[in-house]
Structure formats: structure tokens, C-alpha cells
1. Counting only residues that are in a loop (DSSP other than H, G, I, E, B) and not charged (D, E, K, R), which one in segment 151-166 is surrounded by the fewest Cβ atoms within 10 Å (Cβ to Cβ)?
2. For segment 565-589, what are the residues that are within 23 Å of the chain's Cα centre (by Cα) and crowded, with 18+ Cβ neighbours inside 10 Å?
3. Can you say whether LEU583 is in contact (Cβ under 8 Å) with a residue 24 or more places away in the chain, more than 25 Å from THR390 (Cβ to Cβ) and part of a loop (DSSP other than H, G, I, E, B), as far as the supplied structure shows?
4. Condition (residue is in contact with a Ser or Thr (Cβ under 8 Å, 6 or more places away or on another chain), open to solvent by 30 Å² or more (accessible area, probe 1.4 Å) and assigned to a strand (DSSP E or B)) applied to segment 140-150: is it met by at least one residue?
5. Output the residue which, of all residues in segment 435-460 that are closer than 26 Å to ASN400 by Cα and either in a loop (DSSP other than H, G, I, E, B) or touching a strand residue (DSSP E or B) at 6+ places or on another chain (Cβ under 6 Å) (or both), is modelled with the lowest pLDDT.
6. Taking LEU126, is it at pLDDT below 70 and not acidic (Asp, Glu)?
7. Report yes if THR347 is farther than 25 Å from LEU229 by Cα, among the hydroxyl-bearing types (Ser, Thr, Tyr) and out of contact with any Leu (no Cβ under 6 Å at 6 or more places or on another chain), otherwise no.
8. Would you check which residues across segment 247-284 are over 18 Å from GLU628 (Cβ atoms) and open to solvent by 50 Å² or more (accessible area, probe 1.4 Å) and list them?
Amino acid sequence: MNSRGCVLGIMAVVCLVAASMTFGEVVCRLDVPGESVFKPKIFGDNRGHIMEATEASPCAFMYTPQATSWAYLVADFKGGELGEGDYVVVEAWLTTSRGEMASILISEKATVGDYCPTLTNRRIKLAGHQKATVVHKVKDPTAWISVGVGLDYGATNGILQVEKIRCVKAAGPVEDSFEPLPANELQLPQLFLRGITESLTRLDCESFVNEGVSIKGLDSWRERLQLTLLKFEAFSALMPFRAGMYPSGGSGEIACIAPRGGRDEKLLLLRNECRREQTFTLDVRGALRSVATLRRLYNVDQAPDCPRPLGLGELVEASSESTTGFMLEFSTKGLEAGEYEGEIVLTPCDISLQERVLPCKLTVVPASLPRDMPIPVFSFEYNHSANPETMKLMLDMRINTFAVDLHRPGDFKNLHNLVKTMDSLGVRDRVKLIFVENHFLRLKHWREEDAVWLDQLVVEMERAGFKYDQWVLHIYDEVLHEQFHRAAAEIKKRYPKLRIFTDALGSDPSNASVDLMEMMRPVIDYWCPHMHTFTSLRKTFEPTMKYARTTGLPIFLYNCDSMPRAELKPTRMISWYAFSEKLDGICYWSLIVSRFRFEGRMNYGLSYMIDGTMFPSRRWYQWRSGLEDYLILLQASKINEKKARALASEVLSKYDKSDLPQVHERVRRELLDMLK
């Protein structure tokens, strides 16, 4: 049988009624050629289904998956074919889930679905099982009549079962009526169950139950229906995810692994396929409860990039046909090596929906991660590290170099605040470098006041206890040119040991040619290529990187894509490139919200300020995890350097491939197995 519908014969029968009414009889059967029949008609997006359910008693069954799908059983009757009378009476025995969208249509001179100048349209007002009677006063007794019974426009996920239709004429007026009938069993055709299972999973079957309608054969499907009405699965933390999407490749269980003093995380996604909003709670149970943190992902510019902690018992709402994301993080701090088990439990407030349980296992390997990174790591953070809470967050992710802006001559308040915070937290010994940024030295000619400021800066750094090898000066951003060279030469002439930083490589080939690099070499102490140098523009910048390595100067690596919709992979993979290329430092622009770029549009940075509190973004957490990956790679390389570097190369070979999250997760586990 064609799933679009076969020709359905539904008998129009004669019934004894009051003497004031006269009826004609029309028998509609499949096996009588030439007789009037109700035929299926699919309208709109052509995605509706009409078919015959032939279980205990024959009936017609239709399903409309979208609002733009609508479907009718239609029959046309010749003038006089229904007998004599001024009124056409249509009676239908129906079972429906969308009573407000089920309709009986009666038209003169035009088939239902065509232009109908005289159309009576009665929406069925009751859901469940009922007998509906609709009456139409005939304007032209000789005109032919068209009758349609079905689901109208807007009946998303609508189901209608038609057991019988009777069409007659009456001499006197008869009122419309909608008569509830005793509870009935809805017969979903096996063809429908087998062939349209994916559509079936989107049905909110509880709407039938609430109306007293049982669904024949549904018991065997109920568990599958329930499980797919609310999809809840775990994914790699690196999995791309945008608002509204639900990627493939999820898992019904969680397996994490981390060294002592490390972390591992997963992305959890909930898909609500119900036709209504659902409210639920999310909880961690078992031995993992004390070491797990759940964060809900909130959208910023339609990107789920702002994770905020989920409180115990906090209610979470998920709108209809939406996807909600969560970050699950396990910290192994304080745990001994071994395996720990628990479960993540999603509990819907709607008792008709089942709980979802994701079993969890955390493996803690015996190796311990060092507290600090061996190479400098920093972010352009515009003095925010002077805030003690922000510095704690940065230290927690193993940032060990802090940036200070000194853009006002004679004003060193920002430096004083940074040093005060470092000393109050007792972390001076953990700081690799102080990154000093100053832009008013961008001058065509060196001035005496510039020399005065430079003298003051050196004195202030000495007072703060920083030697020349503990701080760097950054005066030009992403450029190499004569003006930069002149300013740097004046600085070096006055203070030869003062070190100067450039991040020009990788942004624009014209700003970082080998000729320019050779000119700058005597006055530069740090090269800092953009991440493009090793990814999309690798071939373009091969000559400049080759020259940079011949200079023997430290080479940092940075990225500056800080928008919510930015890909996750650069934040995680920047540390893998630093390891693979044997680089000397890592930095990121920027940590905070600003309007410095993008033509005045907001740059959200790697964090969000909400009610005065800084919340790290999802990208921040991936950068933090990437730094831990660096330490894992470093420890694995001490055991077997060839294997560790081969594994790192395998991951980076997938940088532009869709399976990067899966390969990264597998390789990370292999590296940790090396540390057991």
C-alpha cells in the first residue's frame, strides 16, 4: 500500500431518522466501480500521510507532521445523488489528537481543495473520540456537492482516525453537533509504525491519554517514544554546538579520564521534542557528586557560549522542539588514583515523561599534573588581573603572565594595583612575566618626554622587584615597519636589556616579510605569530617562520578570535600547536568584553561580566583544558617522546576535519594511559 494513501472506501449508509427528514443513500466501496468514494488528498508541503488501518474494523488514518501539512478525505456527489432536501448533513465518527484543527468541509460546485465560493468549514471542537455532525444549507439543489473530512492547516503532529462518514440530505434544518463517545482505541497502522518511526517519535502521545484515547500497539513503542521525546546524551566537550541544533554521535553513558590535579569535561545536550515546554532538574548522584560541576549554557548572539553554574534542585525550562546544552566537569583535586562511578539524572517535572539517567565513570590516573605551566601563558586582559577574584580564575587555568596597560604618561597606578594583588595572594613566585603594553611611544620621532617616561618605567619595575628578564614591553600591535624600528631602537639604545615583544607574524604577510624581520631583528626579543601561521596560512608564512627560528629568539603563539560564535577548536588546539612546534609561550586576545574592534560591535572576549561577576565562556574553559592537554603531552613525551609527538600530529592533522572532537578524545585517553 502506498504510504501517501490508498483509495479509501467509507460507507455512506442510511439510518432511520425522524419523519420530517428524507434521505438518499450513497454506498461508497472499493469494490464497486463508478460508485462515489472518499479519496485521500494531500495539500501544502505534501508531507502528510493518509492510509488505511485494517485491524479489527477498517478505518482511515491520517498524520500531518508540520503546520504546513494538511490532508483530507474528499468525495464529490452528483446533484440528487444524496436524495432530496435543502440541507446536506455530514456525520463523521472521529478520533483525534488535534480537535481544534480537525475539520469537516462542505462545498457546492467545486471540489474541496479547489477554489470554493460556497464553503462550509466546521472545526471539530472536541478532542478524543466523538461523533461530529455538520449541516450545510444547499443553495442550488442541482449542483454537485463536495465533502472533505481531515486535518486543516496548522495541525502540527496531528493525528485523525476516521471510522465512518455518512452523507445525506434532509428536508428540514438540523443543528451541528459534536457528541463525545466512549473511550476508544486509536489504531496506528503498522505501516505507519514501521515506515515513519522518526515522525512518530515527535508525537506528544500524552495528549491522547489525557483525552481517554488509548493507542493500539503503542505499549511496545512507548518506551522508545518516551526516550526520544526527551533526548539526553553526552558528547565530546569539543563538539561544535549552535543554538537549536542537535548533532549526531551522542552517547548514553559518560566515561571520563584525568590525572590527579586535572579535569575532564563533557557536553550534555537535551532535546525537547514535545509540543509543549518542559521543566526538569539535573543532578549528579553517587561518588562523583562532590567532584562534579554542572553549568547550563546560555546563548550569546545565538551561540551557547556562556556557562553558568546550575544550583542543586534548580528548575530548568526547555521550550518545545529546542536543544538545551550543559557543561559537565569533573575535577580530580583531592582524589586518589582509581575509578569512581555515579550518574547524571534528568528528572522531568511532567510525571508522564521518564527520568533519563546517564551512567558516569571517572578514571583518575596515578600521574599528577604540575600546578603551573612551564612556559609563559597570558591574555590581553587590560588590567583586569588586578582584581583578586579575576586573578584567582586566571591562576586556576594556569595563566602565569599578567598584562598591564600604561597608556598615560606618569601614571603607574595600574602597575601598582597588579603588584598589590599578586602580593596579597602570595603568587609572585608563580608569575613568569609581566606584559607591559604602551601605545603612546608610537611616534615618528623620539621625544625627550618619551625618554623621561621610559626612565620612570624602568625605576617602577625595579621598585616592584622585576628584573629585565621578568617583563616585556609591547608598543606596536600586529605591524612591522620603519616607525616601529625607530622607536624600538631608541629604547634599546637607552636600555639594552629591556625586552621588546611583537605579534606581527601571521596577521598580514605584508607586515611580516623576511626583509622586515631582518630589519627588526636587532631590536626585537620575542616573535609572536598568529595561529593562522600554523593552520590556514601555513604555506604563506613558511619563510617568515623559518627565519624566526634561525634567530634563536623565543617564539610565542597567539589567537585573537574572541566572539561567541567563534569555533572552539582554536582555543583547545593552540596548546597542541605550541607543543608540536616546540614554541615558548601562548597568549590570547582578549579576556574581557570590549569595543576595540569589529567596527564598534561588541567583542565579548573570553568571559562575560554579569552583575559585577566574571563568568568564563565555553571558549575559556576549552583554553584551560588545552593547557592541561599541554602538560599531559609534556609528561607523556618524557616517557616516549616519539609516540607523544606522533599522537599530537595525529590530532592536528584533523584540525579542519569533522571528526576532530572524537580523535582528540581518543588520543587524550591514549596519552593518559601512557602515564598510568
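The values are calculated or read from the model by the stated rules, or taken from the named source; none is laboratory data. Source: prediction; values computed, not measured. Backbone-built Cβ (ideal geometry, glycine too); neighbour counts: all protein chains shown. Just the protein is used for accessible areas: all its heavy atoms, side chains included, with ligands, DNA and RNA removed. Shrake-Rupley method; radii C 1.70, N 1.55, O 1.52, S 1.80 Å.
1. TYR153
2. Going through segment 565-589, the residues within 23 Å of the chain's Cα centre (by Cα) turn out to be 565-574.
Residues satisfying the conditions are ALA566, LEU568, LYS569, PRO570, THR571, ARG572, MET573, ILE574.
3. Working: in contact (Cβ under 8 Å) with a residue 24 or more places away in the chain: yes; more than 25 Å from THR390 (Cβ to Cβ): yes; part of a loop (DSSP other than H, G, I, E, B): yes.
Spelling it out, LEU583 is indeed in contact (Cβ under 8 Å) with a residue 24 or more places away in the chain, more than 25 Å from THR390 (Cβ to Cβ) and part of a loop (DSSP other than H, G, I, E, B).
4. no
5. The initial filter retains those residues of segment 435-460 that are closer than 26 Å to ASN400 by Cα, namely 435-439, 454, 456-460.
This time we only want the ones that are either in a loop (DSSP other than H, G, I, E, B) or touching a strand residue (DSSP E or B) at 6+ places or on another chain (Cβ under 6 Å) (or both), so: 435-439.
Details: PHE435: 98, VAL436: 97, GLU437: 94, ASN438: 90, HIS439: 81.
Among them, the one singled out is HIS439.
6. On the way: at pLDDT below 70: yes; not acidic (Asp, Glu): yes.
Yes: the conditions hold for LEU126.
7. Values: farther than 25 Å from LEU229 by Cα: no; among the hydroxyl-bearing types (Ser, Thr, Tyr): yes; out of contact with any Leu (no Cβ under 6 Å at 6 or more places or on another chain): yes.
Considered against the rule, which asks whether it is farther than 25 Å from LEU229 by Cα, among the hydroxyl-bearing types (Ser, Thr, Tyr) and out of contact with any Leu (no Cβ under 6 Å at 6 or more places or on another chain), THR347 comes out as no.
8. Of the residues in segment 247-284, the ones over 18 Å from GLU628 (Cβ atoms) are 247-254, 268-284.
The answer is SER248, GLY249, GLU253, ARG275, ARG276, GLU277.
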